[in-house]
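S.K.: Please see the structure below; I have some questions.
Each value in this text was obtained by applying a stated rule to the coordinates, not by laboratory testing. For clarity, every value in this text was computed on a predicted model and none was experimentally measured. Virtual Cβ from ideal backbone geometry, glycine too; neighbours counted across all protein chains shown.
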Amino acid sequence: MTKIVAYAIRDDEQPALKDWREAHPEVEVVDTKDLLTPETAALAKGADAVVVYQQLDYTRETLEALHDGGVSVMSLRNVGTDNIDFDAAKEFGFQISNVPVYSPNAIAEHSMIQLSRLLRRTKELDAKIAKGDLRWAPTIGREMRMQTVGVIGTGNIGRVAIKILQGFGAKVVAYDMYKNEEIEKQGLYVDSLDELYAQADAVSLYVPGVPANHHMIDDAAIAKMKDGVVLVNVSRGNLMDIDAVVRGLNSGKISAFGMDVYEKEVGLFNADWSESGIPDKTIADLIERENVLVTPHTAFYTTKAVQEMVHQSLDAAVAFTNGEVPSIAVKFPD
Ligand code: NAD
């Protein structure tokens, strides 16, 4: 019987795990809340594969401990592979997979929910209502269909965002270095970011956080945008110079801002600061502002996305074990 050990399983992953087990009675899946470390690797001794998801590095010591226990298949339940020691993985003959696409809708919807909440001033409105103030003014909103929304990046997530925007009746202008046929047919592309900035009432990002895109939203980019622009970033924190965004908010150049990602989010997001207070002054300040929505990298966090991450990783582990190469196998860097 094929045996897989699934590490760092969260409670919210259990339903997906249960479904998968029921559909695959021929596979034994042992799950643990423990992270994969050189010590906990012993749990997988004699197993066929491990399934993992953690920020903690997959170090040479960890991979060696797995290898010593006879395990050389590791399926990640997430996208990022930057915490893997690939030299060691190569040396120990590992086969690795990740889950690059789990639910573009989860992220696209979150971004558009942020945008619509900002346009309808729901943070201010909710706070007012919670205090018992049931007057209309001053929280008058703006309608989606009156907005021209600039979508930067028309990959998996950007394209879903465009569909949602079109459902609202918004005008979309899009920019991507590599044009998508379907979006091109619809005539949504502008030729440059400058053109997008000049036309857009709101700008939402769907590009990767690769070095070339580092701080693509900086003082100079913001200066090219319309006065009162609304910004949304659910993609990667390093796409934005957050100090420039704060300056834009302070001057009123940016009328509202929604963020799900932050350049310094590791160690800050997905932790409870309710007793000690949020240690990062920039985020603490942004959370206080009524025209800013901060979510702690939760755009992906839906039942569907979590199910996909669990199921795809287990499927890939089984494929490797059967001598196949799953479509989501990770190509090792040279
Ligand atoms: P994708 O690879 O499918 O699409 C990215 C697109 O961006 C590509 O079409 C590419 O050509 C384009 N692009 C890259 N640099 C560009 C630039 N400078 N200007 C214009 N276009 C550019 O990626 P995706 O799956 O759609 O993911 C989009 C973003 O969402 C990524 O940053 C990803 O990390 C992020 N993401 C966030 C969450 C979350 O929970 N917040 C979850 C998953 C993904």
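S.K.: Where in the chain are the DSSP H helices whose C-alpha atoms run 15 Å or more along the long axis and whose mean Kyte hydropathy is at least -0.5? Kindly include the intermediate steps, with their values, before the conclusion.
M.R.: On the way: long enough: 104-119 (23 Å, 0.28); 156-168 (19 Å, 0.76); 303-321 (27 Å, 0.26).
Length and hydropathy pass: 104-119, 156-168, 303-321.
S.K.: On to the next question. Identify the GluC sites (Glu not before Pro) of segment 221-309 meeting these criteria: DSSP loop state and at most 10 other C-beta atoms within 10 Å of the C-beta.
M.R.: Details: sites: Glu263, Glu265, Glu275, Glu288, Glu290, Glu308; in loops: Glu263, Glu265, Glu275, Glu290.
Passing sites in segment 221-309 are Glu275.
S.K.: Moving on. How big is the antiparallel share of DSSP beta bridges in the chain, given as a percent to the nearest 5?
M.R.: Values: 1 of 39 bridges.
So the antiparallel bridges in the chain amount to around 5 percent.
S.K.: Above 39 Å lies some portion of the pair distances; for the chain, what is it as a whole percent of all C-alpha pairs? Show your work: numbers first, answer last.
M.R.: On the way: 13124 of 55611 pairs.
Percent of Cα pairs beyond 39 Å in the chain: 24.
S.K.: Which of the trypsin sites (Lys or Arg not before Pro) found in segment 32-100 are in a DSSP loop and have at most 14 neighbouring Cβ atoms, other than their own, within 10 Å?
M.R.: Values: sites: Lys33, Lys45, Arg60, Arg77, Lys90; in loops: Lys33, Lys45, Arg77.
Taking segment 32-100 and a limit of 14 other Cβ atoms within 10 Å, the loop trypsin sites (Lys or Arg not before Pro) found are Lys33, Lys45.
S.K.: While we're on this one: Filter the cross-link list Lys224/Lys264; Lys128/Lys253; Lys224/Lys304; Lys45/Lys331; Lys3/Lys331 down to pairs whose alpha-carbon distance in this structure exceeds 28 Å.
M.R.: Details: Lys224/Lys264 26 Å; Lys128/Lys253 25 Å; Lys224/Lys304 38 Å; Lys45/Lys331 25 Å; Lys3/Lys331 24 Å.
Pairs exceeding the cut-off: Lys224/Lys304.
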